[in-house]
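Accompanying notes for the structure given below.
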Amino acid sequence: DDGSVGSPIISLECAANHMLKSKFDQEAIFYFIEKDGPRHEHLVGFIANRFKGKPNGGYENLPSKFTSVPEHGEFNTVMEGILKGLEDKKENLAPTFAFVDPFGYSDIKLNILARILKFRKCELFITYMVGFIDRFATEILHQPSIKAALVVSDQEIQRISSISNSGQREIEWLN
């Protein structure tokens, strides 16, 4: 809404303007998974406009070996399909840097993230709002989501929630 660009555009621009881009000889696939329909459509149009999409595919303002795939769907569902397909065929996931930026902690599925990391040369960068976890950890309604996302017990939630210093609590949630 404020005109600032998000992580998909930042990642494409960083790679396209990287000082060593001339040495990139492999294909780079940028897979953007967005579950909200209007946001997905906005992203598709924004990428096409920003990087001058060509009618037959590709972009004028991106290296020819860059592929942008804005996927409409929920991250865990889309990744489950990708991972299952690779696992069933006993194929490997290409070297991957996955930036996972869920809306809230309830969208985090550690089993999916762990399956990504089972492949060689794969890394994860995960953002989640630890402040929200800390804020809602004592509310019974939110505890099942927190337990599922972080794979923690009721006792662990109670232990961390009882720490009086909020900064220390947030460190414990991160741990």
- Radius of gyration and Dmax for the chain's Cα atoms, expressed in Å? 19.1, 59
- Item | Cα→Cβ-extended label distance, 7 Å offset, between residue 27 and residue 13, nm | 2.7 nm
- Task: Express the C-alpha Rg of the stretch 121-175 as a ratio against the empirical globular expectation 2.2 N^0.38 Å, rounded to two decimals.
- Result: 1.16
- Solvent-accessible ranking of 31, 105, largest area first, probe 1.4 Å: 31, 105
- Accessible area expressed per residue, the chain, with surrounding protein chains retained (probe 1.4 Å, Å²): 67 Å²
- Item | Cα-based reach from residue 52 at 15 Å (exclusive), listing aspartates and glutamates while leaving out same-chain residues under 8 positions away | 13, 60
- In deg cm²/dmol, rounded to 500, what helix-only [θ] at 222 nm does the chain give when every DSSP H run of at least 4 residues adds -39500 (n - 2.57) and the total is split over its residues? -13000 deg cm²/dmol
- Item | Qualifying lysines (Cα of each under 17 Å from Cα of residue 147; at least 8 residues distant if same chain) | 109
- What FRET efficiency would be calculated for the residue pair residue 166, residue 111, taking the C-beta separation as r and a Förster radius of 22 Å, to the nearest 0.05? 0.15
- Item | Area of residue 138 that stays accessible when all protein chains are in place (1.4 Å probe, Å², to 10) | 90 Å²
- Task: List the aspartates and glutamates whose Cα lies under 14 Å from the Cα of residue 118, skipping any in the same chain that are fewer than 8 positions away.
- Result: 80, 87, 91
- Task: Return the subset of 54/121; 89/121; 23/121; 35/84 for which the Cα-Cα distance in this structure is over 26 Å, preserving the input order.
- Result: 54/121
- Item | Amide H contacts of residue 122 (H built 1.01 Å from N, under 5 Å, at least 5 apart or other chain) | 96
- Message: Around residue 5, under 13 Å between beta carbons, what's the net of Lys plus Arg minus Asp minus Glu among the other residues?
- Response: -2
- Query: Tell me, in nm to one decimal, what length is gained between residue 94 and residue 39 on full extension, where the rule is 0.36 nm per residue of separation less the Cα-Cα distance?
  - Reply: 17.1 nm
- Can you pull a Stokes-Einstein diffusion coefficient for the stretch 1-49 at 37 °C (0.692 mPa s), Rh from Kirkwood over Cα pairs, as a whole number of µm²/s? 265 µm²/s
- Query: Counting only protein heavy atoms, what percent of the accessible surface of the chain is carbon or sulfur at a 1.4 Å probe?
  - Reply: 54 percent
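The values are calculated or read from the model by the stated rules, or taken from the named source; none is laboratory data. Note that the structure is predicted; figures quoted are calculated from it, not measured. Because the Cβ atoms are built from the backbone with ideal geometry, glycine has one as well, and the counts that use them run over all protein chains shown. SASA here: full protein model, heavy atoms, side chains in, ligands and nucleic acids out. Shrake-Rupley method; radii C 1.70, N 1.55, O 1.52, S 1.80 Å.
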